[in-house]
Amino acid sequence: MHSILNTFACMISLATYSDYPTIVELWEESVRVTHPFLPEAYLQEIKALLPSILPQVKIFVWREKDGVVRGFAGVAGSKIEMLFVRPDSFRLGFGKKLVQFCIYSLGVSEVDVNEQNETAVRFYQKMDYQLVGRDELDSLGKPYPILHLRHS
């Protein structure tokens, strides 16, 4: 497994401040597809918070040789705080590769996911994450239940 990840790692690098506009754009594109349950006003509220949130996590981007960012993972401590992939790159393995990088290269074992994002819940379950807790409200106190998962 580690030899495979070394191949992935050459495409995965730590983001820089200059990557933030691309990351925010990618985040919005992905959230519009994966989180249709979020009202537009709330999506815009979260987007406005991203510039203050991004510096609080280590962000790793999957960048193609041509410079196109296909996805990113934000990590803090032992937790994936965010994982997003461009919609045109869904189901091509970028999310899986980013999660494997986080698990095997960074030692990350936890992630939170919106309960209503059923595709993400199934994705993490396939990646051997188990439910360890649930909150009725998200981190901003809104009624979007959050599932706490841990890699087994």
| Using 7 Å Cα-to-Cβ label points, what is the residue 134/residue 64 separation (nm, one decimal)? | 3.9
| task | Quick one: which residues, 5 or more positions from residue 15 or on another chain, have an amide H under 5 Å from its amide H? H modelled 1.01 Å from N in the peptide plane, none for Pro or chain starts. | result | 59, 60, 61
| request: Treat the count of other C-beta atoms within 10 Å as a stand-in for reagent exposure and order 62, 27 from fewest to most. | output: 27, 62
| Taking only DSSP H segments of four or more residues, each worth -39500 (n - 2.57), what value at 222 nm results for the chain once the sum is divided by all its residues, to the nearest 500 deg cm²/dmol? | -12000 deg cm²/dmol
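What is the antiparallel percent of DSSP beta bridges lying wholly in the chain, to the nearest 5?
Details: 26 of 28 bridges.
Around 95 percent of the beta bridges assigned by DSSP in the chain are antiparallel ones.
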| task | Quick one: among 58, 142, 79, which has the greatest mean-square fluctuation in a GNM of the chain with alpha-carbon springs under 10 angstrom? | result | 142
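Calculate the FRET efficiency for residue 25 and residue 110 from the Cβ-Cβ distance with a Förster distance of 30 Å, rounded to the nearest 0.05.
Values: r = 27 Å, r/R0 = 0.89.
Computed FRET efficiency for residue 25 and residue 110 comes out at 0.65.
Just so you know, all these numbers are worked out from the coordinates, no wet-lab data involved. In this text the structure is predicted, and so the values were computed from the model without any measurement. We place every Cβ from the backbone using ideal geometry, glycine too, and count neighbours over all the protein chains shown.
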